[in-house]
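Beneath this line is the structure, given in structure tokens, with notes to follow.
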Amino acid sequence: MTKLFLHVGHGKTGTSYLQSSFLKGQKSLSDIGIEYPAPKQKVSEALRGEAASGNGNSLFVPLSEIGKADSGISSLYSSEFLFSKMIEPKFTQKIRRLAERDNFDSVEVLLFIRNPIEHAASGWMQAIKRGESLRSIDEHFRRYKIPKQVESLLELSSDEGFNVTVKNYSAVRRSILEESLEWLGAPKDLLTGGGYGQVNRSLTYSEVEIIRALKSRIGKKASYLSDALCNRFPDEKSEPVIPSLETQCALLENNQDSLSKINLQISKDHYYNLEVLTPTDSSFEISKEKLMFTMETLGEMISNR
């Protein structure tokens, strides 16, 4: 039986780590009958420890055009882009037609969710890192609607007959590769994800505040400093920034219906945890080494303007 495997994220659930593992283990996956279509350049980047971006952009390319003419082999695609698109009826219908065209017997979807408070906080920090937003964390929490999108994806996937496996990253963050291999029906030791430090790490609280201040002056160019800090200090432990209890409770109330419906559809071990977290102290520290590196990088940015 051949399957179309779709790992769809969503964001901030270890996607880059998994994609790097899939790229580095491309041959091992092929040996058990699962192709992970990707150019050699992306494989080389993953082997060097660089963040991966997935292979979802080749999903709709005919198999013969990517050197996979054997329709008796399963295919694996991984992309957070798929999550944002699979909440649209036309897109899920397009996937079903693709599966029929390439003679896949089933469509298997793996979705990692994450407890809403920590996910919203992590998403806000990622938006700051990428220079995408200057919104306050309170405003980001007010706009948070990922559970509603998860609900839509589950409903539309069910309508098309897809098999969806939902796992809570918050519960299995230390074993997401093993969880993914189990979903693929592969041995849990088939791939190894370690050896290259953190992939696509989050910012620390001090870094967030520095980038926010810089972005207010120079806009998206501030992301250059974000990348420089993450590359220079790859193993720095990120610190979640948690807003007030009032802001957290408002998020949970705004998403209550979707959270409840999703928990009814998934394994109890992977339920959303709806507890609030301790708000972050507004003070922070920065090491002399990091401060000096930040000043040096800002100097380079100014001299190159």
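Per-structure values
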item	result
Trypsin sites (Lys or Arg not before Pro) restricted to region 181-251 and DSSP loop, no more than 14 other C-beta within 10 Å	K188, K237
Taking region 60-184 and dividing mean pair separation by its residue count, relative contact order in percent (alpha carbons under 8 Å, at least six apart)	35 percent
Formal net charge of residues neighbouring T247 (Cβ-Cβ distance under 12 Å; K, R +1; D, E -1)	-2
From phi via Karplus (6.51, -1.76, 1.60), per-residue ³J(HN,Hα) for region 224-236 in Hz, x at Gly/Pro	4, 5, 4, 5, 4, 5, 5, 6, 6, 10, x, 9, 5
Mean separation of Cα contacts under 8 Å, 6 or more apart, over the residue count of the chain: relative contact order %	23 percent
Surrounding net charge for D235, when Lys and Arg each add one and Asp and Glu each subtract one, Cβ distance under 15 Å	0
Percentage relative contact order, region 196-277, counting C-alpha pairs under 8 Å, at least six apart	32 percent
Cα gyration tensor shape for the chain, rounded if a/c is under 1.5, else prolate or oblate	oblate
Net charge over other residues, Cβ less than 13 angstrom from the Cβ of K215 (K, R count +1; D, E count -1)	+4
Out-of-range pairs (alpha-carbon distance over 28 Å; input K12/K85; K215/K290; K90/K129; K90/K220)	K90/K129; K90/K220
Set of lysines near K42 by C-alpha distance (under 20 Å), chain-local residues within fewer than 8 positions excluded	K24, K27, K68
K3 long-range amide H proximity, modeled H, under 5 Å	S74, S75, D105
Whole-angstrom gap from region 18-37 to region 109-154, using each part's C-alpha centre	29 Å
Loop chymotrypsin sites (Phe, Trp or Tyr not before Pro), region 216-305 (other Cβ atoms within 10 Å of the site Cβ: 15 or fewer; DSSP)	F284
Helix axis angle, 245-254 relative to the chain longest principal axis, alpha carbon, degrees	30 degrees
The chain: angle of helix 288-303 to the longest principal axis, Cα-based, in degrees nearest 10	80 degrees
Residue order, fewest to most surrounding Cβ atoms within 10 angstrom, among M86, M292	M292, M86
Where Rh is the Kirkwood radius over Cα pairs, Rg/Rh for region 147-273	1.04
Region 102-157: trypsin sites (Lys or Arg not before Pro) falling in loop per DSSP and having at most 16 other Cβ within 10 Å	R130, R135, K145
Inverse mean reciprocal Cα-Cα distance (Kirkwood Rh) of region 205-303, Å	16.6 Å
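Taken together, the values in this text are just the output of simple stated rules run on the coordinates, not laboratory data. Predicted, not measured: the structure shown is a model, and the values here were computed from it. No Cβ is skipped: glycine too gets one built from the backbone with ideal geometry, and neighbour counts run over all protein chains shown.
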